Amino acid sequence: MKKSYDIVVIGSGIAGLSFALKAAAAGRRVAILTKKFRADSNTNYAQGGLAAVMAAEDNFDNHVQDTLVAGDGLCDEQAVREIVRDGPERVRELVGIGLEFSRDAGGQFDLGREGGHSHRRILHVKDMTGKAIEEALLRAVAESERIDLFEHLFAIDVVTAVKVDPATAVFGGNRVLGLHALDVIERKVVAIDAPVVMLATGGAGQVYLYTTNPEIATGDGIAMAYRAGVPVRNMEFIQFHPTTLYTSGGAGAVAGWPRFLISEAVRGEGAILRNFAGEAFMPRYHAQADLAPRDIVARAIDNEMKTSGTPHVWLDIRHKDEAWLRQRFPQIFAGCEKVGLNLARDLIPVVPAAHYTCGGVATDLTGATTLPGLYACGEVACTGLHGANRLASNSLLEAIVVAHRASLAVDAYLATPREAVLAVPAWQDLGGDDPDERVVLTHSWEELRRAMWDYVGIVRTTKRLERARARLANLAKEIHDYYWHFSVDPQLLELRNLVVIGELIVACALQRHESRGLHYTLDHPQKLPAARDTEVRRG
Ligand code: FAD
Ligand code: SIN
């Protein structure tokens, strides 16, 4: 690989790939680093689709309004308006690179519906939207001569030029120089020079024991930005998807999925949640019943399970014809069949699982952070679109819109004269390896994810959050020692990042003395009208 690029993009999901394509089209030399195989991403798993105003009977105000309602008073309305408005144009670009969204018999987009949406506006490719997007973008990237894509290259940390504030003698990064990354195959750390680093590392679902997210979702970009002194926002708002498949033993893993998702689009087509008494319980919780915003549905299910002592609730779409279900939801149908369930004949056992990180690295709508040269886009970022709860299918939308805007902003940044280029220093490997000590990693990984699930879940209390904070502080110390004494490997790096993520979620949750959107605490059940974003920055 080359030693220097104009731009290094970390991540090969929808955000990183879309941004890289645009930056390369503007003439920039781009490296994409990805820590596993190129298609290993949350994007590849997306089922329901991408929300955009495409139907004549819909309009931008409707989509804005639905997003604001789901966000429970915390969205940045300007961000919502701009992202919603840019959606259709970015969709047309995806179609332009060969993405074939499902269409109806008349050739119009077959728009789906999901929780919180007042209109049909979900563009989808059956129930495998993310896979189709990932494939289309990877094809386009492969055709670009200005993009080098490196698999199994794990970004460790962004490297910055250091400045000292003469007034306070405080050190801080004043601009990006590049980064260090672990070549996972060669087992060595490389230094790459680049004035711009784009974090497109996705979310952090793996910080919870049960999650829909694939293994890559360990919050690396958020932890990197935090370590570089960049503010991180609203991390308490972790979205739990209401309906993931429950299988005996509770694991719910099917064919490589950590927790097999039963898309909200299934409820969009009329599926109903029932408790063990057979009651369709959602009308008791919200006027939109089964299509209420996700935070409300997940909490309702949690409540039904707790009050009845049952391990799951049921999803019922037996009124639909089998052939239609097989055609509309082929992946979900096949996934259920793998565990002996037929969507058209059986009730499907479902439970909530951690799904989406609504908070993240604080950015504007161009992906810019407070650190010159550091940008963030996609699930890693917090632009203000989601507020306290993301509206379904708004994340793929946000990723393509912000990637486009970021490409323009980065181009302008690179065109501005900067001080002399400094090289990223070589990595100092002070450690060796101690196989006996490796058990610490496995143990800490499990302890962290269980503590987050038990103490920082759908319903919280201050006492439980404080308990989690104490556990995480111990883990952080152990992992810090390990990091400085042994050679780095992906398991250690991910654990180091996940502990930071856990600490950020707890810190933000403890700052919020109210219940709003995805943050519900028994100690502060009311909403405080004046409450705004939470923010954490490395002191
Ligand atoms: P990702 O697609 O997660 O990509 C992150 C990339 O960064 C990966 O390539 C990863 O390997 C790489 N990476 C991470 N850390 C490092 C590192 N340290 N070094 C190098 N590389 C790194 N949203 C919707 O809008 N509609 C849906 O229908 C929908 N369905 C979903 C279904 C499931 C099961 C899941 C899990 C999510 C779903 N979402 C959906 C959410 C959506 O898929 C994600 O928010 C979105 O795909 C995130 O895209 P991204 O590009 O930001 O990150
Ligand atoms: C789903 O298909 O239910 C997931 C949609 C999303 O997370 O936006």
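The values are calculated or read from the model by the stated rules, or taken from the named source; none is laboratory data. Quantities reported herein were computed from a predicted structural model and do not represent experimental measurements. We place every Cβ from the backbone using ideal geometry, glycine too, and count neighbours over all the protein chains shown. Heavy atoms of the whole protein, side chains included, go into the accessibility calculation; ligands, DNA and RNA do not. Shrake-Rupley method; radii C 1.70, N 1.55, O 1.52, S 1.80 Å.
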### Query
LEU522 to GLU446: FRET efficiency via 1/(1 + (r/R0)^6), r the Cβ-Cβ distance, R0 41 Å, to the nearest 0.05?
0.95
### Query
For the chain, what is the relative contact order in percent, using Cα pairs closer than 8 Å and at least 6 residues apart in sequence?
21
### Message
Quick check on the chain: what does the Kirkwood estimate of hydrodynamic radius come out to from the alpha carbon pairs, in Å?
### Response
23.5
### Query
Among rounded, prolate and oblate, which fits region 4-49 when a ≥ b ≥ c are the square roots of the eigenvalues of its C-alpha gyration tensor, a/c under 1.5 means rounded, and a/b larger than b/c means prolate?
oblate
### Task
Would you calculate, for the chain, the mean residue ellipticity at 222 nm contributed by helices, counting each DSSP H stretch of 4 or more residues as -39,500 (n - 2.57) and dividing by all residues, to the nearest 500?
-11000 deg cm²/dmol
### Query
Which distance in Å, rounded to a whole number, links the C-alpha centroids of region 263-294 and region 122-152?
33
### Task
Give the residues of region 257-276 whose amide nitrogen is closer than 11 Å to a point set 7 Å from the Cα of SER308 in the direction of its Cβ.
273-276
### Summary
region 449-503: relative contact order from alpha carbon pairs under 8 Å, six or more residues apart, as a whole percent, is 35
### Task
With a 1.4 Å probe and every protein chain left in place, tell me how much accessible area LYS338 has, in Å² to the nearest 10.
140
### Task
Under a cut-off of 21 Å between alpha-carbon atoms, report the lysines in cross-link reach of LYS131, not counting same-chain residues fewer than 8 places apart.
LYS22, LYS35, LYS36, LYS338
### Query
Given the protein chains as shown and a 1.4 Å probe, how many square angstrom of MET224 are accessible, to the nearest 10?
0
### Message
Cross-link candidates for LYS463: which aspartates and glutamates have Cα within less than 13 Å, leaving aside residues fewer than 8 places away along the same chain?
### Response
ASP454, ASP523
### Message
Could you compute how much accessible surface TYR45 exposes when probed at 1.4 Å, giving the result in Å² to the nearest 10?
### Response
60
### Mean separation of Cα contacts under 8 Å, 6 or more apart, over the residue count of region 83-220: relative contact order %
12
### Task
Please name whichever of ALA468, ALA368, LEU448 sits farthest to the positive end of the charge dipole of region 351-486, dipole taken about the Cα centre and charges placed at Cβ: Lys and Arg +1, Asp and Glu -1.
ALA468
#### Entry: Counting DSSP beta bridges with both ends in the chain, the antiparallel % (nearest 5)
65
